[in-house]
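Since the structure comes first, as structure tokens, the remarks are kept for the end.
The values are calculated or read from the model by the stated rules, or taken from the named source; none is laboratory data. Since the structure is predicted, the reported quantities are computational estimates derived from the model, not experimental observations. Glycine also receives a Cβ, built like all others from the backbone with ideal geometry; neighbour counts cover every protein chain displayed. Remember, those area values only see protein heavy atoms, side chains included, never the ligands or the DNA or RNA. Shrake-Rupley method; radii C 1.70, N 1.55, O 1.52, S 1.80 Å.
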Amino acid sequence: MKNKLIIVIVCILLGVKSKAQEKTFEQEVKEIAVSLQNNTIKEKERLKIRVDSLNVLVEKELMTEEKAQKLKEQFAQESAERMEINANTLNGNLTNLVQNQVREAVASGDLLTEKDTITGAYFQFYLGSTPLGKRSTYNFNKGKRNLGERRTTSSIFFTYGMSNLETNGAFANSEIRYIPSNFVQFGLFVKTRLLKENNAYYLRYGLGGEFNSLKPTDHRYFEVQNGQTVLADHEKNLGKSRLYISSFHLPLYFEYDWSKPIVNEDTGRVFYRSEKTWRAGIGGYVNFAPLIMQVYHYSEDGKDYRVEQKNDLGIAKTRFGLGSYIGYRSLALHFQYELTSMFKHNDVKQNMWSLGIRLDL
């Protein structure tokens with residue numbers, strides 16, 4: 001049934017562009033979609049009530065679990081059959097509606113262009129995109145027509161790499177180990193093309209989470225001494241030690257994209273699609289509301305111990321910084337540097353920096 005529905009939706013995209021007719025057609029399609037949705041919700045609620053009633057009878061020992069299970073399966077099957085019948089009926093109505101619309105389109109010759117949309121979020125779901133998502137490329141007329149991309153699109157990003165602390169302007173000889181200190185980001189990016197008829201300039205922004213794991217050298221741990229956060233030796237001779245910092249991440253970047261516009265050979269119409277070649281970005285970010293935990297391990301009397309300490313260690317609650325990246329298609333080399341000192345009470349200034357590979361999906 002899904003395949004049939006997808007075919008029907010594609011047919012809808014070939015409907016008439018007439019304003020008055022489009023409004024009526026869209027209303028009728030939405031009514032069918034709402035009817036299907038309401039019927040599904042109603043059937044699920046009905047099934048839930050019947051199942052809950054059987055559970056009550058079982059709890060009160062008025063019915064065996066075996067009999068209740070058989071009735072649940074029977075009720076579920078009946079509910080599924082009713083939803084299937086209703087869906088087939090509505091699908092038939094939708095097919096007739098589309099066929100009538102296509103006949104009018106063929107008769108009038110007033111077909112929709114690639115840029116036109118009809119149904120919004122209803123059919124974007126079936127076409128595999130979201131209201132803010134990138135529009136997929138469909139090759140009608142033997143691949144000669146290419147759909148463009150919306151000015152505002154969304155994507156999921158994931159970054160993995162390493163973090164460390166720059167101390168008084170020095171990146172080398174850090175007291176934090178380089179490779180074992182991890183850096184992870186994930187979240188949602190929204191990207192807007194700044195100029196209507198230019199494919200180069202974008203504003204990228206969003207919301208996500210950032211996870212930093214700092215591993216001190218010589219298995220030391222962070223400790224507050226006289227108001228200063230320092231690395232100190234533990235009396236237990238630690239085997240492992242890590243500082244975990246989890247924060248909300250709010251990025252904002254200006255991006256330049258070298259992707260070329262697409263020109264329709266038949267109509268001369270121009271379409272814009274990004275991330276088809278090299279791109280670069282520069283901007284800033286804010287990390288806030290951190291969750292901080294220090295974990296270390298030690299052995300004593302032949303037993304291994306793991307200690308978790310939840311202490312803010314004087315770490316700033318809100319930290320902001322600068323970032324940049326350069327990438328090809330969906331992959332990018334990402335670097336960021338916090339302008340806010342990590343430990344707000346320390347005399348020695350230490351700033352977090354991170355380097356990783358980012359994937360935009």
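Things worth noting here:
- The set of residues in the stretch 323-361 being free of Cβ contacts under 8 Å to residues at least 40 places away in the same chain and under 24 Å from the mean Cα position of the chain (by Cα) consists of Leu331, Leu333, Phe335.
- Qualifying residue in the stretch 149-163 (condition: out of contact with any Gly (no Cβ under 9 Å at 6 or more places or on another chain), farther than 25 Å from Asn351 by Cα and part of a strand (DSSP E or B)): yes
- Selection within the stretch 296-322 - of a type outside the set (Lys, Arg), more than 12 Å from Ile245 (Cβ to Cβ) and in contact with a strand residue (DSSP E or B) (Cβ under 6 Å, 6 or more places away or on another chain): Tyr296, His297, Tyr298, Tyr305, Val307, Glu308, Gln309, Gly314, Thr318, Phe320, Gly321, Leu322
- Of the residues making up the stretch 168-183, those that are open to solvent by 50 Å² or more (accessible area, probe 1.4 Å) and either outside any loop (DSSP other than H, G, I, E, B) or not basic (Lys, Arg) (or both) are Asn168, Gly169, Phe171, Ala172, Asn173, Glu175, Tyr178, Ile179.
- Selected residue (criterion: modelled with the highest pLDDT) from residues of the stretch 5-47 that are among the basic types (Lys, Arg) and exposed (fewer than 11 other Cβ atoms within 10 Å of the Cβ): Lys23
- Of the residues making up the stretch 269-306, those that are modelled with pLDDT of 90 or more, outside any strand (DSSP E or B) and under 21 Å from the mean Cα position of the chain (by Cα) number 3.
- Considering residues of the stretch 53-84 that are modelled with pLDDT under 85 and not in a helix (DSSP H, G or I) only, the residue most open to solvent (accessible area, probe 1.4 Å): Glu61
- Val224 modelled with pLDDT of 95 or more and either surrounded by fewer than 18 Cβ atoms within 10 Å (Cβ to Cβ) or not basic (Lys, Arg) (or both): no
- Any hit, the stretch 305-324, residues being of a type in the set (Phe, Trp, Tyr), touching a Gly at 6+ places or on another chain (Cβ under 6 Å) and open to solvent by 10 Å² or more (accessible area, probe 1.4 Å): no
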